[in-house]
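Below: one structure, written as structure tokens.
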Amino acid sequence: MKNIAFITGGSRGIGYGIAEQLAKAGFDLAINGVRPEALVTEALDSLRALGAEVLYCPGDIASRDDRMAMLETIKARFGRLNVLVNNAGVTPKERRDILEATEESFQHVLSTNLQGAYFLTQAVANWMIEQKQNDPDFKGYIVNISSVSATVASLNRGEYCVAKAGLSMATQLFAARLGEFDIPVYEVRPGIIQTDMTAGVTAKYDKLIADGLCVQKRWGLPDDVGRAVAALARGDFPYSTGQVIMIDGGLTIPRL
């Protein structure tokens with residue numbers, strides 16, 4: 001019987017890179033996204049071609065009703081869940097200096113990137129505890145995809161930085177709370193990753209990378225993040241709960 005992984009925002013970008021690596025690692029998948037299923041058929045079929053059973057769970061992570069509906073759908077289809085990957089995220093609709101940014105933008109970003117992930121984790125954690133109590137051999141893992149923006153300040157997208165810093169603390173909180181149940185919680189912290197979300201700033205980061213922003217002079221790829229998540233979901237780091245896995249090409253190494 002295969003393990004089941006639920007990846008939010010898993011139909012494209014970093015989420016798809018994670019889903020692809022988990023499919024290759026032998027997981028069956030529940031994929032969340034906000035687009036209608038008809039628009040993500042190609043991505044889902046590509047995951048199925050890797051041998052995974054794939055369930056699409058459309059919905060907005062910021063909505064409590066949508067979160068609960070998705071978990072009920074997963075229960076009905078698979079009856080279990082071994083891995084939650086909190087990957088879904090949004091960026092500010094308009095990048096503004098923090099002296100000008102709006103409350104509406106702040107709420108938009110935090111409701112998905114932090115609040116939604118926090119309370120989805122709460123619901124899944126309780127379900128994992130129940131599974132563990134019913135089956136002592138049950139293995140559960142939770143992985144939060146944050147960003148170097150959790151510690152690296154970007155003054156024109158402060159709300160995004162605050163959300164990712166909050167998600168970093170949420171990782172530690174849930175890791176501490178779930179330790180007694182042997183359910184590890186991890187944070188994967190990507191740097192500059194080449195996705196549709198970064199397409200608008202390609203020229204900017206091409207130059208920064210060429211000028212030495214990262215130790216490894218290339219963009220990160222969704223596959224780089226996916227490989228790290230797959231290792232965590234397989235249980236390759238069983239004694240590292242609450243820890244941060246950096247996938248940033250050395251961007252955050254202090255250098256003179």
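Of all residue pairs spaced 6 or more apart or on separate chains, those with beta-carbon atoms under 8 Å, a first member in the stretch 123-138 that is farther than 14 Å from Ile4 by Cβ and a second member that is outside any helix (DSSP H, G or I) and modelled with pLDDT of 95 or more are Ala125/Ile142; Ala125/Ile183; Ile129/Ile183; Lys132/Phe138; Lys132/Gly140; Lys132/Asp182; Lys132/Ile183.
Out of Val109, Val85, Val90, one residue alone is modelled with pLDDT of 95 or more, in contact with a strand residue (DSSP E or B) (Cβ under 6 Å, 6 or more places away or on another chain) and either crowded, with 19+ Cβ neighbours inside 10 Å or not in a loop (DSSP other than H, G, I, E, B) (or both). It is Val85. The C-beta contact set for the stretch 227-253 (first residue at positive phi, second residue at pLDDT 95 or above and of a type in the set (Val, Ile, Thr), distance under 8 angstrom, 6+ apart or interchain) comprises Gly242/Thr171; Gly242/Val185; Gly249/Ile192; Gly249/Val215; Gly250/Val215. In summary, helices (runs of 4 or more DSSP H) completely within the stretch 137-256 and bearing 2 or more residues that are basic (Lys, Arg) and surrounded by 16 or more Cβ atoms within 10 Å (Cβ to Cβ) occur at 222-234. Comparison of Asp60, Asp28, Asp97 shows that the only residue that is of a type in the set (D, E, K, R) and either under 22 Å from Val201 (Cβ atoms) or more than 19 Å from the chain's Cα centre (by Cα) (or both) is Asp97.
Could you check the stretch 1-59 for strands (runs of 3 or more DSSP E) lying wholly inside it with 2 or more residues that are touching an Asp or Glu at 6+ places or on another chain (Cβ under 9 Å), touching a residue at least 12 places away in the same chain (Cβ under 8 Å) and surrounded by fewer than 24 Cβ atoms within 10 Å (Cβ to Cβ)?
54-58
Screening Ala165, Ala170 for residues that are under 20 Å from Gly116 (Cα atoms) and in contact with a Phe, Trp or Tyr (Cβ under 6 Å, 6 or more places away or on another chain) leaves exactly one candidate, Ala170. Does Gly235 count as small (Gly, Ala, Ser), within 20 Å of Asn144 (Cα to Cα) and out of contact with any helix residue (DSSP H, G or I) (no Cβ under 7 Å at 6 or more places or on another chain)? Taking the combined requirement at face value, the residue satisfies it. Output the residues belonging to the stretch 164-199 that are small (Gly, Ala, Ser) and in contact (Cβ under 8 Å) with a residue 60 or more places away in the chain. Those that are small (Gly, Ala, Ser) and in contact (Cβ under 8 Å) with a residue 60 or more places away in the chain: Ser168, Ala175, Ala176, Gly179, Gly191.
A single entry from Ala199, Ala176, Ala210, Ala233 fulfils the requirement of being of a type in the set (A, V, I, L, M, F, W, C) and within 17 Å of Asn87 (Cβ to Cβ): Ala233. Taken over the stretch 206-256, the criterion of being among the aromatic types (Phe, Trp, Tyr) and more than 17 Å from Gly13 (Cα to Cα) is satisfied by Phe237, Tyr239.
The values are calculated or read from the model by the stated rules, or taken from the named source; none is laboratory data. Because the structure is a prediction, the values reported are computed rather than measured. Cβ atoms come from the backbone with ideal geometry, glycine included; neighbour counts cover every protein chain shown.
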